[in-house]
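To start, the structure under review is shown below, and the notes come after it.
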Amino acid sequence: MKKILFLYLTLLNIAFGYNYDDLVLKAQASIFPKIILLDKKIEDKLIDGKIVYTIVYDKTDYDTALSIEKFINKNFKGQLDRYNYEINLVDFTNFSIQTEASAIYVLNLTEHIENIAAIAREKGIISFSYDINNLKKGLMFSLVIEKSTVLYLEKENLYTKKIDFVDALLQMVRFVEKDYANQENILYNKLNTKNLYADLLYIHK
């Protein structure tokens, strides 16, 4: 009976996709687009004068990707500061170095994360992850809601000439090493931000 139940739950997960936390999705959709603007080299990533925010997803998560697109458009109304933007939804099987992207956001995938991260690094663009565990596979940022909203940055990704963040952002994040097996490997900064979104709005002014 237990085996049948396990198989049933597994099939449900395959059929309907990963079970996402709606609060986390909305927090990430509110904050990640703001972080794109904190790259001092954002002008180099514009495509036809626009920011292209590419959401990479598994086919079972298409509805989740679509809901994120709708949420972002409702909140930002096609404009990130002085830049127009567009959302590009791409199945991970179709994502390549040719994919148009000023930044990417990766939903929870079970494979090909390392390849997607490598392409983002080669293109010199910011990469965001729904799941913090995918930072150890090479993606750059994730956001977790703990006692407060916490933004994580995989430290190794700082060493690139194509992305240059404003100093204020680096004072707000918690750095993680690529190989972090436990909490002792998380490097806390001195700033405990209580309202990350408000802080991002402030440093962007």
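FYI, it's all coordinate maths here, none of it is from the lab. All of these numbers come straight from a predicted model, not from anything done at the bench. All Cβ positions, even for glycine, are placed from backbone atoms using ideal geometry, and neighbour counts span all protein chains on display.
Observations
- Rounded FRET efficiency, nearest 0.05, which uses the C-beta distance separating residue 48 from residue 167 and R0 of 25 Å: 0.25
- Ordering 165-177, 38-50 by mean Cβ neighbour count within 10 Å, with the highest value first, yields 165-177, 38-50.
- Over the range 49-130: Rg over Rh, Cα atoms, Kirkwood Rh: 0.95
- Pairwise label distance in nanometres, residue 66 with residue 41, each label 7 Å out on the Cα-Cβ vector: 3.7 nm
- Computed from phi, the 3J(HN,Hα) profile of the range 44-49 under the Karplus parametrisation 6.51, -1.76, 1.60 (θ = phi - 60°) reads 6, 9, 5, 10, 6, x Hz, with x in place of Gly and Pro.
- For residue 103, distant residues with modelled amide H under 5 Å away: 52, 54
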